[in-house]
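Here the structure is laid out as structure tokens; the discussion comes afterwards.
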Amino acid sequence: MIEIEQSENSKINKGNKIKQARISEDHKHIIDSNGQKVEFNDPRIVYVNPEPRNPYGRRLVIDIFEKYNRKIRISEETDASTIQYAKRICSGRECLASVAIAGAVLKDISEYRKESEITIYRTPIDNHGPCQNGAWPVLWDTFSQRLNLKNTIFSAFPKYTNSYLGLNRDLLAWENLYFILGQYLIEARNALQCVAENKISALEKFEDITSEFITNIKEEKKTLNTGLIRWAKEVSKIPLKATVEETPKVLIFGGLNLMFDHYPVEEFFLEKGIIPKVVDIVETMSLILAESSMRYGFKKGYITPKEQYNRKLYAAEDLNEVDEKEVIRAKRNRSALDFLNSQCKTFRKQMRKSGLLFDSFIDFIELFEKGSEYVSSNSLSETPIIVGRFLHSIEEDIYDGLINMGTFNCQPAMNSQAIIRPLANKVDIPYASIDCEGPWISTNQQRLLETIAIQAKRVRNKKNKMLIQEVVT
């Protein structure tokens, strides 16, 4: 691994070995570097979410943490500086998600962390499977020893077995929902940018309406539902030059790595007047929550996602101790996923009245089932979801182009490209797969996107003409 670079102002300690802070064995408090008990409501404690989130989601989540008397810092978009920070500690063989998160943690340590605070650096997922994230606990154990920082806890994932790191379970649920809601707001903003009569004034109005909505939620002047209804009503008043339905649209999909690298592709299509939709992060969240059910179902001899996700599996009596624990965990995660799905459907229903949302909420099991026709879902990797999203998009015929983004050292992403390529050759929709090493694209990739943009516009014009003919006849 590359040696950690040092500067006079570096907050990374390479002197005497510092005793690491940790969560107590009963998970009820923190043991700091001095061996003292620290309650989770101590004002010195700061949670850090090192994966990038959109600005709307960040504002909503910071506000709700404040409501629960907790502090959180959330990373902004991954950029060249983030990757540069990661080079201090990573070898370069890690996947983009690992590198970007490592870079975000080091950036937070160097630029935002205060010496007086006790910092909990959270990890976005904590599950097993054929992906580098399975090694993150070991990776961060190594990194934490090399960083040698006082009062820091790395790679901490809030879950039932650690009492959610002192966080309220409802708070964690709404944290995820607010990040998803923020993504829906970005989806609406992207559409508006392409169909507005006056792009500049429309986006200014959109920001004002959205900022008021977020402020009203924070100050409890509106409930979330009434706030969204008002938001949609006000946004629908912004003058448009075209409808979303008749405007070219492109789906950018490819799994968790999209959080770290989709920006240049999204911006490219916006400049071309084509509405880009980045696939909802809720699909990856669903995989994480459904994993316990899938594993238990496979253990009981069921192969397909629908069989494994059947509630009847939980109804067995006289379970042994191991099975009982697995069933309880599966039920708990199933309940969380059901709540997540119901809220997402409600959000989209309310926001659709703005006239800017066009995609539908897709049931996770449906995607997993479709993908499992071409690759086993029992690997519990993102490959079946990515393949399933491609197949579902073909059937729905909402999009006029599909971009599968992956990173060259992400095996699930590379597997999806190999599976989708022959399937894409059998359909008319423009499709391209792009490998990224970070949030940037090469000259050749830009040329490829230019081809997709031209084709997507051509496909949409053809669809629009067919719709007009149908109306006339």
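The values are calculated or read from the model by the stated rules, or taken from the named source; none is laboratory data. All of these numbers come straight from a predicted model, not from anything done at the bench. Cβ: placed from backbone, ideal geometry, glycine included. Neighbour counts: every protein chain shown.
Structure notes:
Here is a yes/no grid of residues against (1) surrounded by 16 or more Cβ atoms within 10 Å (Cβ to Cβ); (2) assigned to a strand (DSSP E or B); (3) modelled with pLDDT of 95 or more; (4) outside the structural domain of Leu391 (by TED's automatic domain parsing):
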site: Arg189; (1), (2), (3), (4): yes, no, yes, yes
site: Asp208; (1), (2), (3), (4): no, no, yes, yes
site: Glu220; (1), (2), (3), (4): no, no, no, yes
site: Gly227; (1), (2), (3), (4): yes, no, yes, yes
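- Scope the stretch 156-182; condition buried (at least 19 other Cβ atoms within 10 Å of the Cβ) and of a type outside the set (A, V, I, L, M, F, W, C); matching residues: Pro158, Gly166, Glu175, Asn176, Tyr178, Gly182
- Any hit, the stretch 459-473, residues being of a type in the set (Ser, Thr, Tyr) and within 19 Å of Pro276 (Cβ to Cβ): no
- Qualifying residue in the stretch 280-290 (condition: among the hydroxyl-bearing types (Ser, Thr, Tyr), on the phi < 0 side of the Ramachandran plot and surrounded by 19 or more Cβ atoms within 10 Å (Cβ to Cβ)): yes
- Pick from the stretch 1-59, criterion surrounded by 11 or more Cβ atoms within 10 Å (Cβ to Cβ), small (Gly, Ala, Ser) and modelled with pLDDT of 85 or more, ranking: nearest to the chain's Cα centre (by Cα): Gly57
- Residues being of a type in the set (Val, Ile, Thr) and in a loop (DSSP other than H, G, I, E, B) - total across the stretch 58-82: 1
- Some residue of the stretch 233-240 being outside any helix (DSSP H, G or I), on the phi < 0 side of the Ramachandran plot and among the β-branched types (Val, Ile, Thr): yes
- Residues of the stretch 69-91 that turn out to be within 23 Å of the chain's Cα centre (by Cα) and more than 19 Å from Thr152 (Cβ to Cβ), as a count: 8
- Qualifying residue in the stretch 102-111 (condition: surrounded by fewer than 20 Cβ atoms within 10 Å (Cβ to Cβ), over 20 Å from the mean Cα position of the chain (by Cα), of a type outside the set (D, E, K, R) and in the same structural domain as Val48 (by TED's automatic domain parsing)): yes
- Within the option set Asn415, Asn404, being at pLDDT 95 or above, closer than 25 Å to Glu51 by Cβ and either touching a Gly at 6+ places or on another chain (Cβ under 7 Å) or buried (at least 20 other Cβ atoms within 10 Å of the Cβ) (or both) holds for one residue only, Asn404.
- Filter result (at pLDDT 90 or above and out of contact with any strand residue (DSSP E or B) (no Cβ under 8 Å at 6 or more places or on another chain)) within the stretch 116-148: Ser116
- Selection of helices (runs of 4 or more DSSP H) fully inside the stretch 269-376 by the criterion of at least 2 residues being more than 22 Å from the chain's Cα centre (by Cα), over 20 Å from Arg169 (Cβ atoms) and free of Cβ contacts under 8 Å to residues at least 12 places away in the same chain returns 321-351.
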